[in-house]
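Report on the following structure.
The values are calculated or read from the model by the stated rules, or taken from the named source; none is laboratory data. Just so it is clear, the structure is predicted and the values come from calculations on it, not from any experiment. Positions of Cβ are backbone-derived with ideal geometry, glycine not excepted, and every protein chain shown enters the neighbour counts. SASA here: full protein model, heavy atoms, side chains in, ligands and nucleic acids out. Shrake-Rupley method; radii C 1.70, N 1.55, O 1.52, S 1.80 Å.
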Amino acid sequence: MGPEQASELQRQYARRAGPIGLTVEELDFEHFPAKNGFPGIPVKAWIRFPNCAELVNGEVFAWTAKAAEVTWKDGPVTYRTWVWSSAVTRREDLNKANLGERTNRDSNNK
């Protein structure tokens with residue numbers, strides 16, 4: 001087994017252990033209330049796992065001033081994981097600011 005195969009195998013096992021999201025203490029909903037929006041915002045987000053991180057395609061339906069809840073799929077399983085907003089970028093334009101500086105997408109259609 002080569003180094004690339006070993007690295008891929010490590011990522012597969014890490015993903016099976018499940019993603020590591022933010023804690024209730026880190027989210028601090030009392031001081032940073034969550035907002036919800038539909039439809040979801042298409043994003044790329046860094047999701048942490050034990051011993052690795054992975055950039056996933058997902059959607060955001062909930063966020064705070066400093067974090068976003070990313071909904072994403074790994075095969076048939078759908079996950080919802082809270083991450084810092086700096087770990088998230090919109091898929092429409094990856095050069096835009098992070099989700100914490102979200103703008104109303106409908107205002108661009110006028």
Gain in span if fully extended, Arg48 to Ala62, counting 0.36 nm per residue against the direct Cα distance: 3.2 nm
Size descriptor, Kirkwood hydrodynamic radius, that averages inverse alpha-carbon separations across the range 1-93, Å: 14.0 Å
Area accessible to solvent at Lys66, 1.4 Å probe radius, in Å²: 60 Å²
Protection-proxy order for peptides 46-55, 16-25, each taking the mean of Cβ atoms within 10 Å per residue, highest first: 46-55, 16-25
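Full-extension gain between Ser7 and Ser86, please, as 0.36 nm times their residue separation minus the C-alpha to C-alpha distance.
On the way: separation 79, 0.36 × 79 = 28.44 nm, distance 2.59 nm.
Gain in length upon complete extension: 25.9 nm.
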The range 1-53 and the range 67-91 have their Cα centres apart by a whole-number Å value of 7 Å
